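These notes are about the structure you will find just below.
The values are calculated or read from the model by the stated rules, or taken from the named source; none is laboratory data. This one's a predicted model, so the numbers in the text were calculated from it and none came from an experiment. Methodologically, a virtual Cβ is constructed for each residue, glycine included, from the backbone with ideal geometry; neighbour enumeration extends over all protein chains shown. These area figures cover heavy atoms from the full protein model, side chains too; ligands, DNA and RNA do not enter into them. Shrake-Rupley method; radii C 1.70, N 1.55, O 1.52, S 1.80 Å.
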Amino acid sequence: DQITASSGAFWQDDGEQFQFVTPAPHDPVHHFHYDPTARTPRSNIIAGSVNQLPSDIRSRPNYLVAKFRDLGDPYLAEVSVVAKRPELIAKVGIVKSERQFPNMNYSQAFRLLERQLRIESDNPLTVNLRGDGTSMHVLPGDYVTVTHPVLGYVYQKCLVLRASRDSAEQTADEVDFTLLVLRD
């Protein structure tokens, strides 16, 4: 977790091997769709399993500080870098969060902090849904798209934050997902 966090990546365990997913944009690996009137292709979202949760603006960090040892300094002095969202600060005041990064260059720390701020602060909506067996291959860190008439989404790009498979005794190949709705 610490290694992937310092590079902005995700690690995935598909049951056979560990994979590391870079933070670079990727194509979606799955499309979740729900249409109660369609005959084919059938919906792959379990009916009644979708809910959208906006996060409280007061709980989202808008001022991040990271401390790290700068590789550009011959003495590896500890320095800090700040990333902030002035428009959110103006609305609710400073919601500060501090991070400890490993040794890295200043520019790497700033880019990593900005990425964390984009994920935690700029994308306030999460969606929970249950997918059918066609979604068994989707792992945290993957990108997916969602089409759902109640949510008003048509190929909305999302980042998978959590995927939880139920045991075969509980359901027939169903997976619970938490998705971060990404803004363009």
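Listed values, structure above:
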item	result
Only one of Glu98, Glu78, Glu114 that is among the acidic types (Asp, Glu) and open to solvent by less than 60 Å² (accessible area, probe 1.4 Å)	Glu114
Residue match in region 5-22 (condition: exposed (fewer than 12 other Cβ atoms within 10 Å of the Cβ), in contact (Cβ under 8 Å) with a residue 40 or more places away in the chain and part of a loop (DSSP other than H, G, I, E, B))	yes
Filtered residues of region 23-37 (kept if surrounded by 10 or more Cβ atoms within 10 Å (Cβ to Cβ) and at pLDDT below 75)	Pro23
Subset of region 57-75 [surrounded by fewer than 16 Cβ atoms within 10 Å (Cβ to Cβ), touching a strand residue (DSSP E or B) at 6+ places or on another chain (Cβ under 8 Å) and outside any strand (DSSP E or B)]	Leu71, Asp73
Test result for Ser97, of a type in the set (S, T, N, Q), in contact (Cβ under 8 Å) with a residue 40 or more places away in the chain and in contact with a Pro (Cβ under 8 Å, 6 or more places away or on another chain)	no
So Asn44, is it among the polar types (S, T, N, Q), farther than 21 Å from Leu179 by Cβ and open to solvent by less than 90 Å² (accessible area, probe 1.4 Å)	no
Subset of region 134-162 that is among the hydrophobic types (A, V, I, L, M, F, W, C) and within 13 Å of His30 (Cα to Cα) - its residue that is most open to solvent (accessible area, probe 1.4 Å)	Met136
